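S.K.: Dropping a structure here in structure tokens format, bear with me for questions.
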Amino acid sequence: MTNKIRTDIKPGGHVQDRLHAEKSKTGLSVVRPVRLLYNDQLTDGVFLLGFRRDFSFEAGQIIGIAMDAGGPRRLYSICSGEEENEIKILYNVVNDGLLTPGLSDLGEGSTIWITEPRGSFVASPGPAVWIATGTGIAPFYSMMRSGLAEDKLLIHGERYPERFHFHNEFSKVHGDKYIRCCTTKQDESYFPGRVTDFLRETERLDPGLKYYLCGRTEMVVEARDILISRGVPYEHIISEIYF
């Protein structure tokens, strides 16, 4: 997914766009070239690219990516562990997008331009709930690969079973605390519905925990409202939106 930004979401569904403030505060206008090690298609329209890591970051942070130094830039969550040798990016191709159609055509050795990592969507040790849809799973994969998965309930929503990327690793690490919500699969391995359906029905919500949400605006706003209606304080909900 493209155009990923940090947002403040107010009760009632209002989204306050902080993109320009983020750019000015974090230096996201500074770009430099890196060479791709790979750019693999995982499923229809979903790709995973990688390049050598030569900087430090916190799991959950973002970088900007462009096809050239002056080209249109989009923000993506890093999808690899803090100590790994590669930086990985999971992205969805938007057919009429300014970046991803061309980005998906690149191969090994191609050059892309990146910004330095920034962002405050970061987790800490201790119990919490991670909620994602689509490629919004990327920051949680980074957190898991960085050793932050203990005592975390992970709820991931996808329309099709084949799009639950990294599910084998999540299953191994999270065990029965890894919930897959799928609207097209009737199977005991999945909750038969959307993430928001699960949040309405589950008894596994603790108002004392922090809830991390990452996905499209509609999911994040609806899930936030459900959590608040079930007693979770607004300040316990941390959101990152893709659109």
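S.K.: Test of understanding: among Glu150, Glu108, Glu169, which residue is in the same structural domain as Glu83 (by TED's automatic domain parsing) and not basic (Lys, Arg)? Outline the logic, then answer.
M.R.: Values: Glu150 fails: in the same structural domain as Glu83 (by TED's automatic domain parsing); Glu169 fails: in the same structural domain as Glu83 (by TED's automatic domain parsing).
Result: Glu108 is the single residue among Glu150, Glu108, Glu169 that is in the same structural domain as Glu83 (by TED's automatic domain parsing) and not basic (Lys, Arg).
S.K.: Got a sec? Which strands (runs of 3 or more DSSP E) wholly within region 111-186 have at least 2 residues that are touching a residue at least 40 places away in the same chain (Cβ under 8 Å) and touching a helix residue (DSSP H, G or I) at 6+ places or on another chain (Cβ under 8 Å)? Quick ask: steps written out before the conclusion?
M.R.: Numbers: elements: 111-114, 128-133, 152-158, 178-182.
Passing ranges, in order: 128-133, 152-158.
S.K.: Still on this model: If you scan region 71-110, which residues turn out to be part of a loop (DSSP other than H, G, I, E, B) and under 15 Å from Phe57 (Cβ atoms)? Give the derivation first.
M.R.: Narrowing region 71-110 to residues part of a loop (DSSP other than H, G, I, E, B): 71-72, 79-85, 93-99, 104-110.
Within region 71-110, Cys79, Ser80, Gly81, Glu82, Glu83, Glu84, Asn85 qualify.
S.K.: Check region 64-82 and report whether any residue there is surrounded by fewer than 19 Cβ atoms within 10 Å (Cβ to Cβ), at pLDDT 95 or above and not hydrophobic (A, V, I, L, M, F, W, C).
M.R.: Among the residues of region 64-82, at least one is surrounded by fewer than 19 Cβ atoms within 10 Å (Cβ to Cβ), at pLDDT 95 or above and not hydrophobic (A, V, I, L, M, F, W, C), which makes the answer yes.
S.K.: What do you reckon, is Arg163 in the same structural domain as Thr217 (by TED's automatic domain parsing), surrounded by fewer than 19 Cβ atoms within 10 Å (Cβ to Cβ), under 20 Å from Tyr242 (Cα atoms) and of a type in the set (Lys, Arg)? It would help to see each step written out before you state the result.
M.R.: Working: in the same structural domain as Thr217 (by TED's automatic domain parsing): yes; surrounded by fewer than 19 Cβ atoms within 10 Å (Cβ to Cβ): no; under 20 Å from Tyr242 (Cα atoms): yes; of a type in the set (Lys, Arg): yes.
Here the answer is no, as Arg163 does not meet what is asked.
S.K.: Name the residue that is nearest to Tyr212 (Cα to Cα), counting only residues in region 54-70 that are part of a loop (DSSP other than H, G, I, E, B) and within 19 Å of the chain's Cα centre (by Cα). Even if it seems obvious, please write down each step before you answer.
M.R.: Applying the first criterion (part of a loop (DSSP other than H, G, I, E, B)) to region 54-70 yields 54-61, 67-70.
Filter once more, keeping what is within 19 Å of the chain's Cα centre (by Cα): 56-61.
Numbers: Ser56: 22, Phe57: 19, Glu58: 15, Ala59: 13, Gly60: 10, Gln61: 13 Å.
Across region 54-70, the extreme among qualifying residues is Gly60.
The values are calculated or read from the model by the stated rules, or taken from the named source; none is laboratory data. All figures in this text were calculated on a predicted structure; none of them were measured in a lab. Cβ coordinates were reconstructed from backbone atoms using ideal geometry, including for glycine residues, and neighbour counts include every protein chain displayed.
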